[in-house]
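Encoded as structure tokens, the structure appears first; notes follow it.
The values are calculated or read from the model by the stated rules, or taken from the named source; none is laboratory data. Remember, it's a predicted structure, so these values are computed and weren't measured experimentally. In this analysis, Cβ positions are derived from the backbone assuming ideal geometry, glycine residues included, and neighbour counts consider all displayed protein chains. Note: areas computed on protein heavy atoms with side chains; ligands, DNA, RNA excluded. Shrake-Rupley method; radii C 1.70, N 1.55, O 1.52, S 1.80 Å.
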Amino acid sequence: MAELTPDEEHTEVQETNARFYRAIESQDLEAMDAVWRHADYVRCVHPGWGLLTGWEAIFKDSRELRFTLSDVQIRIESGVAWVTGTENILSQLQGNISVTAVLVTNVYERTGTRWRMVLHHASHILTGEPDREE
């Protein structure tokens, strides 16, 4: 297989990241299975949840979710890619609709010819400026 250009790698990571969010929105276990690496060090962190080992627990939350990503940045180094940005989430549970935004980091490893997720970490956005020591 020919080596990919940086632009081609960037596009592959971007597409894999998009597949991750489509799998969540459709609650498609098979699609989600295809995105994640199957290894004991795979982790998932959702705001307000404990650390999840493996990806299967991602569907414990039964709300309907729709994602719009903003401020997305992709970095690729030595077979590892990380995608950072903001998840703008529209959710619905039992007729109640809520909108929230969280910061996200998704980490992928290249395995063979595919990128596989090894970490999804989403955190609430804190308001105000952090204290700075002078």
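How large is the charge dipole for the chain, taken about the Cα centre, if only the Cβ atoms of Lys, Arg (+1) and Asp, Glu (-1) carry charge, to the nearest 20 debye?
The dipole magnitude comes to about 400 debye.
What does the C-alpha gyration tensor say about the overall shape of the chain? Classify as rounded when a/c is under 1.5, otherwise prolate if a/b is larger than b/c, or oblate.
oblate
Out of the GluC sites (Glu not before Pro) in the range 1-35, which ones are loop residues according to DSSP with at most 11 other C-beta atoms within 10 Å?
Qualifying residues, ordered by number: 3.
Using a Gaussian network model on the chain with a 10 Å cutoff between Cα atoms, which of 53, 86, 16 fluctuates the most?
53
Under the rule of -39500 (n - 2.57) per DSSP H run of 4 or more residues, summed and divided by the residues of the chain, what mean residue ellipticity at 222 nm is obtained, to the nearest 500 deg cm²/dmol?
-6500 deg cm²/dmol
Under the definition of Cα pairs under 8 Å and six or more residues apart, what whole-number percent is the relative contact order of the chain?
Taking the mean separation of contacting Cα pairs over the length of the chain, I get 22 percent.
So for each of 40-51, 91-102 I average, over its residues, the number of other beta carbons within 10 Å; can you give me the resulting order with the highest mean first?
Highest to lowest by the protection proxy: 40-51, 91-102.
If you count only protein heavy atoms with a 1.4 Å probe, what accessible area per residue comes out for the chain, rounded to a whole Å²?
Normalised by residue count, the accessible surface of the chain is 65 Å².
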